[in-house]
Amino acid sequence: MKIFLAKSAGVCFGVKRAMDMAIKVAKKDPKHLYTLGPLIHNPQAVESLKELGVKVKERVESIPRGTVIFRSHGVSLRDLQKAREKKLHIIDATCPIVKKAQFFANYLHRHGYALLIVGEASHPEVEAIRSYLDEGVAVIDDVKKVQELGPWDKLGIIAQTTQSFSLFKEIVAACLERAREVRVFNTICHATMIRQKEALEIAKKVDCMIVVGGYNSGNTQRLAAICRDIQPHTYHIETAQELRSRWLSGREKIGLTAGASTPSWIIKEVELKIRRLKT
Ligand code: SF4
């Protein structure tokens, strides 16, 4: 049996940065320390922060005082204003790559382009980007929806940073038929593109694929979907305990990858469990 472990598997730069920021503050003074929503889309990592005293609050209104950490997805204008009004100490852990996507969205908007975001409308990153702009920003994650939009004179397109690159290309191509002028900024982050490319390559050569990451993690869900298209024996799990020996039975080439918010210790545990189940 051979395990093909993706080199890119696991925590990306933006998530590591946010975790490091939270841990640093928690070690200094964990009193009245909150994140607005889970800091990253990985329940096990969030639990480890909780042990250091970092509490999760879904709404700024529920934070009595102290410090609030904004997560790597960014923060909506409304929440930012509320935190300022409450005079909370703000630690902004928004990933610089997400900030770049916010910048391009603003740039297109200011220059008179109708804005289309390729992404999930309910994802916090997309919600945050939209909150700084006026009404009328379209968000889609299905190429068929392009026909329901436009036609446009000037259309600007960006992507949620963790979107699928192939979907982004498909939607851009479809928009070219519906707009006189199209300006595109590829805001999909490099870490995401590398993970998707590598997952695809591994899925092609194995007979079972394991994708590790939070069920609430969009980028992990997309990695699993990309692998499943190629390899139907693809399983998305959060922890090693969820691995089933029947998935591995009769399979000698096992692929292993993980989303951008999956800590390395969880990947290691999964790898060890695969080895145990195969001996
Ligand atoms: S996936 Fe990319 S954009 Fe998102 S936090 Fe990680 S590095 Fe930043």
(request) Identify the single condition in (1) more than 16 Å from the ligand (Cβ to nearest atom); (2) assigned to a helix (DSSP H, G or I); (3) among the hydrophobic types (A, V, I, L, M, F, W, C); (4) touching a residue at least 12 places away in the same chain (Cβ under 8 Å) that Trp265 does not satisfy, given that it satisfies every other one. (result) (4)
(request) Hey, can you tell me all the residues within region 101-132 that are within 16 Å of the ligand (Cβ to nearest atom) and under 16 Å from Phe70 (Cα atoms)? (result) Gln102, His123, Pro124, Glu125, Val126, Glu127, Ala128, Ile129
(message) Suppose we filter Ile63, Ile69, Ile90 for residues that are over 18 Å from Ile188 (Cα atoms), within 16 Å of the ligand (Cβ to nearest atom) and over 17 Å from the mean Cα position of the chain (by Cα); which single one remains?
(response) Ile69
(request) Select from region 4-47 the residues that are crowded, with 24+ Cβ neighbours inside 10 Å and among the acidic types (Asp, Glu) and list them in ascending order. (result) none
(message) I'm checking my understanding of the structure. Among residues of region 48-89 that are of a type in the set (D, E, K, R) and buried (at least 19 other Cβ atoms within 10 Å of the Cβ), which one is modelled with the highest pLDDT?
(response) Asp79
(request) Taking the options Thr187, Thr161, name whichever one is farther than 30 Å from Arg246 by Cβ, touching a Lys or Arg at 6+ places or on another chain (Cβ under 7 Å) and within 16 Å of the ligand (Cβ to nearest atom). (result) Thr187
(message) Report every pair of residues separated by at least 6 positions or lying on different chains whose Cβ atoms are under 8 Å apart, first residue within region 2-28 and farther than 15 Å from Pro38 by Cα and of a type outside the set (Asp, Glu), second within 13 Å of the ligand (Cβ to nearest atom) and assigned to a strand (DSSP E or B).
(response) Ala6/Ala258; Ala9/Ala258; Gly10/Ala258
(request) Please state which of the following conditions Gln44 fails to meet, knowing it meets all the rest: (1) modelled with pLDDT of 95 or more; (2) part of a helix (DSSP H, G or I); (3) more than 14 Å from the ligand (Cβ to nearest atom). (result) (1)
(message) I need the full set of residues from region 102-158 which are of a type in the set (Gly, Ala, Ser) and either more than 23 Å from Ser72 (Cβ to Cβ) or in contact (Cβ under 8 Å) with a residue 40 or more places away in the chain (or both), in order please.
(response) Ala105, Gly112, Ala114, Gly119, Ala128, Ser131, Gly136, Ala138, Gly150, Gly156
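The values are calculated or read from the model by the stated rules, or taken from the named source; none is laboratory data. These figures come from a predicted structure and were not determined experimentally. Virtual Cβ from ideal backbone geometry, glycine too; neighbours counted across all protein chains shown.
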